[in-house]
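Report on the following structure.
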Amino acid sequence: MSACQPPVSAPDRNRPIGLFDSGIGGLTVLRAIKARLPQEHLLYLGDTARLPYGTKSRETIVRYTLKAAQKLVDEGVKMLVVACNTATSAALPSLREHFAPLPVLGVVEPGAQAAVNATRNGRIAVIATEATIADGAYQRAISRLLPEASVLGRPCTLFVPLAEEGWLDGPVVEGTAHRYLDDIFQGADGAERPDTLVLGCTHFPLFASLLQRVVGPQVHIVDSAATTAQAVDEALRRQQLRRQAAGGERGACRFLTTDNCRRFVRTAGFFLGQPLQAGEVELVNI
Ligand code: DGL
């Protein structure tokens, strides 16, 4: 923060961090932020009425994302975390322009950083939604950090409804994973094979152990949740927006959804690793 900016007031620091995803996948990011910054208040919006975003056109994704972000801004968030790779890929510049000077963070840069930290042979596979892969955001972000990297993108559309359904293991999911990934990890000879697999969709970390079995133990599986939490932490410090909680008091979490609270409550438990109570989720119309 430059010397001529006024100091940030305590009420500003006490406002929540807003997180947004098309559905409940972004809860994997919320969980990582909560673990790293337990004192922060968090406000999560899952746009379940419009899910999936990943098969929609860029124009539609930008339109939906701006609407969802507006809702969080109206609720008074101090920072916006786009906990959705599809929305980050399509709409990050529009969000930053539209809501300036609000800090807006996406998940693609942190995911690319995690991949570059993990790879040893510079061969990286990215699995994500159709829209994220078509946009090439990961390919560009990784190349900026490691120009000699070879990046292979593979859309894995079906993992999104499987995650929302809570099907995280078993023959259907395993067969789907083999169909999407075998030619990359089993077909290629050793020198060609990626040593790193990026989970470029916030729904996919739920399949991490199954995917590890499918691609083999030698492949590093990375997701952007922990690196995004780190980026949020750094941005809060830079902007003097960190909440100071007395006596280790933990921040509160609020959840908003655009459709079917009961389903949100049921499936959110898979992502959070603990059950939610019905009263913790509020239906909103955006
Ligand atoms: N969770 C979203 C992502 O990270 C994708 C889900 C969708 O297709 O809406 O890309």
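Under 12 Å from the Cβ of ARG63, count the other residues' Cβ atoms, weight Lys and Arg +1, Asp and Glu -1, and hand me the total.
Local charge sum for ARG63: +2.
Answer with one residue from THR196, GLY153, VAL265: the one whose Cα lies farthest towards the positive end of the charge dipole of the stretch 153-286, charges on Cβ with Lys, Arg +1 and Asp, Glu -1.
Result: VAL265, furthest along the dipole toward the positive end.
Taking N as the number of residues in the chain, what value does Rg over Cα atoms divided by 2.2 N^0.38 Å take?
Compared with the compact-globule rule of thumb, the chain sits at 0.98.
What three numbers, in Å, describe the spread of the alpha carbons of the stretch 109-199 along their principal axes, ordered from the longest?
37, 28, 21
How large is Rg/Rh for the stretch 7-150, to two decimals, with Cα atoms and a Kirkwood Rh?
0.98
Hey, for a label at GLN218 modelled as a point 7 Å past Cα toward Cβ, could you say which residues of the stretch 157-198 have their backbone N under 20 Å away?
Flagged as within label range: 178, 181-198.
Cβ under 12 Å from ARG13's Cβ, ARG13 left aside: what net charge do those residues give with Lys, Arg +1 and Asp, Glu -1?
+3
Taking only the Cα atoms of the stretch 77-117, how large is their convex hull per residue, in Å³?
So the per-residue Cα hull volume is 71 Å³.
Take the alpha-carbon centre of the stretch 151-214, take the same for the stretch 25-88, and report the distance between them in whole Å.
About 23 Å separates the Cα centre of the stretch 151-214 from the one of the stretch 25-88.
Counting helices only, and only those DSSP H runs with n ≥ 4, report the 222 nm mean residue ellipticity of the chain as the sum of -39,500 (n - 2.57) divided by its residues, in deg cm²/dmol to the nearest 500.
-13000 deg cm²/dmol
Can you tell me the orientation of helix 85-99 relative to the chain, as the angle in degrees between its alpha-carbon axis and the longest Cα principal axis, to the nearest 10?
Around 30 degrees separate the two axes.
Mean separation of Cα pairs under 8 Å and 6+ residues apart, divided by the residue count of the stretch 52-156: what relative contact order is that in percent?
Here the relative contact order equals 27 percent.
Which of the aspartates and glutamates could a cross-linker bridge to LYS78, judged by Cα under 15 Å and excluding same-chain residues fewer than eight apart?
ASP12, GLU40, ASP233, GLU234
Counting only residues 5 or more places away or on other chains, whose amide H sits under 5 Å from the amide H of GLY106 once H atoms are built in the peptide plane?
Under 5 Å from the amide H of GLY106: VAL82.
Taking amide hydrogens as modeled 1.01 Å from N in the peptide plane, which residues meet the under 5 Å criterion relative to SER150, leaving out close sequence neighbours?
ARG123, ILE124
Report the calculated FRET efficiency for HIS98 and ARG254 (r = Cβ-Cβ distance, R0 = 30 Å), to the nearest 0.05.
Computed FRET efficiency for HIS98 and ARG254: 0.85.
Bins of 10 Å, beginning at zero and ending with the bin holding the largest distance: percent of Cα pairs per bin for the stretch 150-286, please.
In whole percents, the pair-distance histogram is 10, 30, 30, 21, 9, 1.
For THR196, which sequence-distant residues (separation of 5 or more, or a different chain) have an amide H within less than 5 Å of its own amide H, given hydrogens modelled in the peptide plane?
So THR196 has HN proximity to ALA125, HIS220.
How large is Rg over Rh for the stretch 9-89, taking Rg from the Cα atoms and Rh as the Kirkwood inverse mean of 1/r across Cα pairs?
Taking Rh as the inverse mean 1/r over Cα pairs, Rg/Rh reads 0.99.
Would you please classify the overall shape of the stretch 172-228 from the alpha carbon gyration tensor, given that a ≥ b ≥ c denote the square roots of the eigenvalues, rounded means a/c under 1.5, and beyond that prolate means a/b larger than b/c while oblate covers the rest?
Here the stretch 172-228 falls in the oblate category.
Could you give the size of the charge dipole of the chain about its Cα centre, using +1 on the Cβ of each K and R and -1 on the Cβ of each D and E, expressed in debye and rounded to the nearest 20?
Approximately 660 debye in magnitude.
Any chance you could give the angle, 0 to 90 degrees and rounded to 10, that helix 261-272 forms with the longest Cα principal axis of the chain?
70 degrees
The numbers here are math on the coordinates, done by the rules we state, and not lab data. The structure presented is a predicted model; accordingly, all values stated were derived computationally and were not measured. Counting neighbours? That spans all protein chains shown, and the Cβs are built from the backbone with ideal geometry, glycine included.
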